[in-house]
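**Q** Here you go, one structure.
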Amino acid sequence: MRKTNYNLSSGEEAEIEISEEGDLITIRLSNQEKGNVCLTSNEDLDGFYITHLDLEQCKGQGIGRECLKFHKRVFSMPLAAASPYRCEQNDDGSHLTGDGLPFIAKMRDEGVVCRHPDEYENG
């Protein structure tokens with residue numbers, strides 16, 4: 001497990017923990033789990049694919065961005081996510097909904113998450 005701390009805009013200190021395999025990022029505040037990001041290893045990408053974002057309890061404070069950037073620092077591998085143009089679930093259950101759409105779009109714009117091939121075809 002790899003851990004780091006992050007100061008939220010609210011002034012609280014959050015703990016970010018990544019599993020050894022890199023498939024789970026957990027966010028804790030005051031020793032209570034407040035969110036997580038699930039990933040799978042992706043051989044085609046030679047990196048990780050984001051399958052689930054649960055950041056509702058800590059959104060808008062920069063912790064989601066910091067989780068993904070910390071993961072990239074630890075594993076030195078790219079991150080990818082579902083297409084912004086696909087509404088139905090992928091075979092692995094992943095799809096972008098709600099706040100996940102603008103969050104992943106922003107992470108793509110910042111270079112934290114790889115652009116999806118559909119974005120080049122549709123945009």
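The values are calculated or read from the model by the stated rules, or taken from the named source; none is laboratory data. Bear in mind that the values here come from a model prediction, so they are computed numbers and not experimental data. Glycine also receives a Cβ, built like all others from the backbone with ideal geometry; neighbour counts cover every protein chain displayed.
**Q** Quick check: is even one residue across the stretch 59-78 part of a strand (DSSP E or B) and under 22 Å from Glu110 (Cβ atoms)? If you could, list the steps in order and put the result at the bottom.
**A** First, pick out the residues of the stretch 59-78 that are part of a strand (DSSP E or B): none.
Within the stretch 59-78 (the criterion being part of a strand (DSSP E or B) and under 22 Å from Glu110 (Cβ atoms)), the answer is no, since none of the residues qualifies.
**Q** Quick check on my filter: what residues within the stretch 7-25 are buried (at least 17 other Cβ atoms within 10 Å of the Cβ) and part of a strand (DSSP E or B)?
**A** Correct list: Ala14, Ile16, Glu17, Ile18, Ile25.
**Q** Can we say Glu33 is closer than 22 Å to Gly98 by Cα, within 15 Å of the chain's Cα centre (by Cα) and not β-branched (Val, Ile, Thr)? Spell out how you get there, then give the answer.
**A** Working: closer than 22 Å to Gly98 by Cα: yes; within 15 Å of the chain's Cα centre (by Cα): no; not β-branched (Val, Ile, Thr): yes.
Spelling it out, it is not the case that Glu33 is closer than 22 Å to Gly98 by Cα, within 15 Å of the chain's Cα centre (by Cα) and not β-branched (Val, Ile, Thr).
**Q** Now for a different question. Could you run through the stretch 26-39 and say how many residues are part of a strand (DSSP E or B) and loosely packed, with under 14 Cβ neighbours inside 10 Å?
**A** Count: 2.
**Q** May I pose another question? So Gly47 clears everything in (1) over 21 Å from Arg115 (Cα atoms); (2) surrounded by 14 or more Cβ atoms within 10 Å (Cβ to Cβ) except one condition, right? Which one?
**A** (1)
**Q** Being assigned to a strand (DSSP E or B) and either over 9 Å from the mean Cα position of the chain (by Cα) or modelled with pLDDT under 90 (or both): is that true of Thr97 here?
**A** Details: assigned to a strand (DSSP E or B): no; either over 9 Å from the mean Cα position of the chain (by Cα) or modelled with pLDDT under 90 (or both): yes.
Considered against the rule, which asks whether it is assigned to a strand (DSSP E or B) and either over 9 Å from the mean Cα position of the chain (by Cα) or modelled with pLDDT under 90 (or both), Thr97 comes out as no.
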